[in-house]
Every structure is written in structure tokens, then in C-alpha cells.
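Let me begin by presenting the structure, written as C-alpha cells, before commenting on it.
The values are calculated or read from the model by the stated rules, or taken from the named source; none is laboratory data. Since we're looking at a predicted model, the values are computed, not measured. Reconstructed Cβ throughout: ideal geometry from the backbone, glycine too, with neighbour counts over all protein chains shown. Note: areas computed on protein heavy atoms with side chains; ligands, DNA, RNA excluded. Shrake-Rupley method; radii C 1.70, N 1.55, O 1.52, S 1.80 Å.
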Amino acid sequence: MKSGRGLKAATVFLLLAMTSAAQIVPVLAAPAGETFSDPATEARARNLQRQLRCLVCAGESIDDSGSDFAGDIRRLVRQQIVDGKSDSQIEDFLVARYGDVILMKPPVQPDTWLLWLAPFLVLGVGGAVAWVTVKKAASREA
Amino acid sequence: MIGELGQLALCFALALSLVMAVSGLMGARATALAARKTATSSALGMLVFVGLAFGTLTYAFVTSDFSVMDVANNSHTLKPLVYKISGVWANHEGSMLLWVLVLAVYSGLVAVLQRGGERLTSAALGVQGLLASAFILFILFTSNPFLRLDPAPFEGAGLNPLLQDPGLAMHPPMLYAGYVGLSAAFSYAAAALMVGEEGWARAARPFMLIAWIALTCGIALGSWWAYYELGWGGFWAWDPVENASLMPWLIATALLHSALATEKSGAFRTWTLLLAIAGFSLSLIGTFLVRSGVLSSVHAFASDPTRGFFIMVLIALAIGGALALFAVRAPTLQGGAAFSSISRETTLLLNNVFLVAACACVFVGTLYPLVLDALNGTKISVGPPYFALTFAPIFFALLLLVPIGPRLGWKRADLKAAWQALYPALGLAAVAALVVLAIVSPRGVAATGAFAVAGWLIGASILDVRKRKGARASAFAAALAHAGLGITLMGVAGTTAWRSEALTVVAPGQKTVVGPYTLRFDGVTREKGPNYIADRAHIALMDGDKVQAMLLPEHRFYPAEGQDMNDTAIHTTGWRDLYLALGDDRGGGRFALRAYVSPLAPLIWLGGLVMALGGFLSLWGRLRMKEPAPQPAAPVMAQAAE
């Protein structure tokens, strides 16, 4: 049963990927009629939408993209908000269905530690090298 | 006939580039006078033949010669002339030919200007020749734009309408002028490692400047295009292809600063060589990322694995060769300049540490998902939130330090005096922060901080220009470039913090309020463009009962390509953009409309322009200055402001 659903999702995904790869066209995301009247809830939905990646687009969030996929996920997110789910519950649901790839912000886990730390490692090593260089240059100067 | 002519010209260019490589490298020896002459003339000859090949392809595009496969696949008779021409480089084969053309132009410049010693120039030409022959071989074997079709189709397949845009017509040549401009710095660095000649940093500086200016303009153009063309009101998406152009820019910026220290005080000599190698290496990696189809996006019109493989081998040889040369020769260079820990050298070093860390951040963020997927099949996305948490703080810290550097003299300086001279800039920073806190809502820590730093940068630049009457062009150039950073920062912070948007369905005659604007929808007309049909919305921007301006966002259909496109309409006051994009037909004359109000958005690109102007000023000062620079003046002891 479960694998059947996965297969169906994969097929739909592939079809979406194929159609939108054929025309990478920014047709508008037109969520008129799918907005919440309460500004706070709407802001929450928009914020959540910005954290989710459109899987058939070139790096756009589902908030920015006009693809069918993005529209489907937007409706799904809003339905779950109506159902009273929390942000993290909604994200967990989408991660279970599509994987971490749907999150704009990569998760912090052992295989992404290097991703998160590398910039600061370079900064640290660079700083240390700079420190030694300046010390040496200053001792020559003196 | 015309296709064969182009092919033949390219073959001659290949032969000349090989001659140039061999004779240039031979000319690095002290006695090889004839070889040096051969290198110079073959560089010019190669330029002529590559120019001929490029002209031939352009002619085929302009005359819609569909017997040439590249033209048939990417052009159409109904396309406006300007997009027939830009169509030459809006595809893989033609864009690689443009790449080689730019490389040939830079080689010609190196040959004509003869900057630096004879042996240095000759060796640099040799390295350029190696690069040119590798890329021409790549074109002839995997990406030949002159292949024929028989029978020739009656009509071409057209060009992706996204690419039919004036901004994007200019974007690739600009970016390539930057990418490939770094090849000159690379070649001079490799030449300096071979002949051990000093003064290479000075010889290569104009090329570094041209490359940096072109990269700055190219990135700004690309971002502007994304803003008005893609219809979501954003200006930077941290898309891998954008990142591929940002990395060389960051390293080129570091290189400009480091090379200055090398030239003026002999500091960081090996480091500057390494940066020159890294800058062009990142250009090559950027080309690989974009051209190999490893990343699939609108830019990756090549999805052929042989091409990817060929480029990968080419990159490995170029980078590996240069690094091997560096490893062998760098230790023989004299190192070890002497400077006090409070000096301009130290600030330039810090500048480099932050820029390299920022570049590492973009590098890791771009390549990590690919590597992780290849290693264990885990798929992750690295989007804007990652860069907000890593790149932003590193770059922010760099910006804090920017005003201090130019205030310190070489070798030894007085930090306290420099600091006191900057009090007015600190005052401007405080005012900027208070203004944001007091009148603009919603208040945000990030926006307040960004405006304070922008005030700090711009204030210090004003002080630099005011205090140093009679200073050389370079001081003004630096002040302009640093002020440009501040301007861009304000634009980025302003739009990010205060952008508002409205998504509505409008009926004819209906008024809508978006932020401070009142809009009246006057309906949609069907228009016929040269190669598209458009639904054009007529939207009046109202001032009371008067119409202040008409905005005409369109929804276009390109029948030749079978694609839909949005054409946005932007009304700008210079300080604030009203941005409209037309959505789909909701029946009964009603249409979906997406409106954004982006405060300060124009400053993003204005800042880029100001930075580029700074670069031009510096270049102008350089080319005017024939004699070796006088020794740097005694440390600038800036007085405290009154």
C-alpha cells in the first residue's frame, strides 16, 4: 500500500519535472483565492512557503514559483494550517514525503556538519594564518 | 559556404594558438628574441581568425541560415535583429565561441600593451596560448557551431523567450569579459612563477581591474534581469549559476586588494600569485557548472556528458598545472615583507581572510548538495536561509572593517588617529540607525544594523574624498567602490525588510490599493509583437482623480517556441519601485494581478554601478600613469576631524 503511494507520487513528480523542464517559464504564482483573511495566519503561511523549495524549479521557493507543483504544495500547507498543525509538523510531513530536499535550509545532521562549519573553519584557519603572518612581519619591522 | 569559412578560420586560430603557446613559452628564456616576436604576432593573428569565425557565425544568425544546425536550433526569422545577434551566444556552441573570442581579445591586449618585462609578457602569452588551444579544441571536437543540416529546415526552432531581453543580451558578454579577464591575471601569475620576474602584479593590474569591472557589471545586470523578468520581485536567489559568478567576483576583489599590497610594499607575494590562480580556476569551475548540465537551470543549455568530461579534464590540467608550478616555484620567491601589526598591509590581509571565507561559503553551499548526492544519495537543498546564516555575518564583518583600511598608511600607522578621523562617519552611521528606528516600520535588527553599516561606509568614503585633496585617482576610486557597497547594502536591506506585496483579482474599472499606491485596472487588450502575442493590462497609477502613469504588464505567448512569458511593468521613483505582474485570466475580464512595493530596490543596482565606476577610475589612473609609481607617501596621519 505504502509503496504504491510512493510509486504514484514518484510518477506524478516525474511528470511534473518533465513538463516544467520543457518550459521553465515563470508563469505567475497566482494564489489569489488561496489567501487567509487573518494577516497573522497569512504571514505564517507565507513564511512557511518561503522555507520550502519547489522541487521542479531552478532553486525557487514554492512561494515564488508559479509551477503546478508549487501550487499543490501551497494548498497542502494551507490545508494543514487549517487543520491546526504546527509549522514543524507540516515540515516533518513534507520531509517524510519528499525528503530533506524540500527544505530551503539544510538540516543540521552528521553529513551536513561540514557544510555548516566549513565557512567558519576557513575563517578560523585564515585568521590564524593572518595572525602568524602579521606577527612575523612585525618582528621584522621592529 | 559561410559555415565552412568559419570552421576554417577556427582551424587556423587553433594552429596560431599552438604556435603562440610554444613560442611564448620558449620566449621566456632570456635569449629567445625571435620566439617572443612570434608569440606577439601569433596572438594578433589568432585574434583575427577567432574574430572571423565569430563574425561568420553572427552572419549566419543574422541572415537566418538554417543550414547551420546551431542557427536552426536557436533562431527564427521573425526574431528581432538584436535577438538574432544575441542568439549567437544564447546557446552552448556560440557561447563557447564567444568565450574564445574574449580570450583572444585579452591575449591581443597582453601582446599589444607589453606590460612588464619581455620575458614575463612572452611567458604570459604562452599560457594564454595553451588555454586558447584547449578551448578551441573543445569547440571543434564537442561543440562545433558550424555543423551543417541537410536538408536545411524551412524555419528555425526559436530562442527561449526568457532570453529575448535586452538585459540578458548583454549579460553573457559582460560576464565572460570578467571570467576570461581573470585568465590574464592567471597567465601573468604563471609567467611570474616561470621567469621569477617581479612586477607581475603591476603588469597584470589593468587586466584584473577590467575583469573585476566586467564581473561587477555582469552580476548586476543578471540580478536586474532576474528582478524584472522572472516576475517574483526578487533580485538574488542563491541559484548555483548566480553563485558561479559570485565566487570569481569575491576572489577577484580579494586579488585586487592583495596585489596592491604586493605591488606597493612587497607583502603577500606568494599569496597574491595563489589568488590569481584561484580566481581563474573558479571561473573555469563556474563554466563547468553552467555548461556541463550538472546543474539544470535556464542557463544550462548543454546537457551532454562528453562536454562535461572534456571541460573537467581541461580544468584539472589548468588548475593542476598551475598549482604544481606554484608548489615548485613559490618557495624560491623571496618572501617576508616587514610591516607593523597596525598598517594597511594588516587590513588588506584581513580583507582577504573575510573574502576568502565568504567565497568558501558560496563554494561549499553550491557544491555540497552535488557531492553529498554523489557520495551517499542524500538529497538536500542549500537555499537562502543557509547563506543568511553563514555568508551574511562573514560579509557583514568585512564591511565593518572596510573604512579603516584606506585610513592606515603602509608599513606602520596610527590607529588612534585613523579612528578619530572616522568619528563623522560613525556619526552618520548612528544617524542612519536612528532614522530607521524612529520613522520606518517595521523595526528590524537586521535593517537597522545594515543601515548603520551603510552610513559608516558612505560616511568614510565622503571623508576620504574630502580630506585628501590632490590625492591620486586611486584614492577616489577606492572611496567610490566602497561607497557603492554601502549603497547596494541599503538597497538590499530596504527591499528585504520593507517589501510589501498584494495578490488580487481585478475587474475592469476596479481600484486597488497597494501600499501607498492606488491603482485602477482599465482592462486587457490583445497586442501583437514581432514574434509574440500579448495580453496587455492597462493599469493606471492614480494621484487622486488624475492618472499619474500607465503601467502595462503583459502576458506573452511566443508561438514559434510555444512558450508563455510574463513581462512585468515597473514604475520607479528612484527610491521605490512599484512592480506589477499580470496573472492568469479569471474570466469575465477579470485577471489575477501580483503587485510589489519595493522600497530602495533601485539602490541595489545603483550601488553596483558606483562600484564599477570606482573600478573605471582606478583603471584610468593606471593607464595614464606610465612611469613606475612613486614610493608610497609617508603613513597618512589623518587628523581628527574638527
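Figures for the structure shown
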{"item": "Relative frequency of Cα-Cα separations exceeding 20 Å in segment B:500-599, percent", "result": "35"}
{"item": "B:GLU4-B:ILE85 pseudo-label distance in nm [points 7 Å out on the Cα-to-Cβ vector]", "result": "2.9"}
{"item": "At 1.567 mPa s and 4 °C, Stokes diffusion of chain B via Kirkwood alpha-carbon radius, µm² per second", "result": "49"}
{"item": "Solvent exposure of the protein assembly as shown as accessible area per residue, Å², 1.4 Å probe", "result": "41"}
{"item": "Rg in Å to one decimal, and Dmax rounded to a whole Å, for segment B:137-280 via C-alpha atoms", "result": "19.3, 65"}
{"item": "Within the protein assembly as shown, helix-based [θ] at 222 nm, where runs of 4 or more DSSP H residues each add -39,500 (n - 2.57), nearest 500", "result": "-21500 deg cm²/dmol"}
{"item": "Distance histogram in 10 Å bins (all Cα pairs of the protein assembly as shown, percent per bin)", "result": "3, 12, 22, 24, 21, 13, 5, 1, 0"}
{"item": "Shape category assigned to segment B:61-113 from the gyration tensor of Cα positions, a/c cut at 1.5", "result": "prolate"}
{"item": "Loss of accessible area when B meets A, both sides summed, Å² nearest 100, probe 1.4 Å", "result": "4200"}
{"item": "Convex hull volume per residue in cubic angstrom - Cα atoms of segment B:274-433", "result": "161"}
{"item": "Inter-part distance where segment B:173-188 and segment B:67-91 are each reduced to a Cα centre, Å", "result": "26"}
{"item": "Neighbour net charge for B:ARG520 - beta-carbon separation under 14 angstrom, K R +1, D E -1", "result": "-1"}
{"item": "Charge dipole magnitude, Cβ of K and R +1, D and E -1 - the protein assembly as shown, Cα centre, debye nearest 20", "result": "2400"}
{"item": "Cα gyration tensor shape of segment B:404-500, rounded if a/c is under 1.5, else prolate or oblate by comparing a/b with b/c", "result": "prolate"}
{"item": "Zero-based 10 Å bins, Cα pair distances in segment A:35-84, whole percents", "result": "29, 54, 17, 0"}
{"item": "Under 12 Å, Cβ to Cβ, from B:GLY365 - net charge with Lys/Arg +1 and Asp/Glu -1", "result": "-1"}
{"item": "Principal axis dimensions, segment B:339-464 - Cα atoms, whole angstrom, descending", "result": "56, 46, 17"}
{"item": "Local electrostatic count at B:LYS379 - Lys and Arg +1, Asp and Glu -1, tallied over other residues with Cβ under 10 Å", "result": "-2"}
{"item": "Dipole-positive endmost among B:ALA276, B:GLY308, B:ASN74 within chain B (Cβ charges, Cα centre)", "result": "B:ALA276"}
{"item": "With 5 Å bins from 0: P(r) over segment B:166-410, alpha-carbon pairs, percent", "result": "1, 6, 12, 16, 19, 17, 13, 8, 5, 2, 0, 0"}
{"item": "B:ASP535 accessible area, assembled protein chains, probe 1.4 Å, Å²", "result": "30"}
{"item": "Shielding score for B:228-236, defined as the mean number of other chain Cβ atoms within 10 Å", "result": "3"}
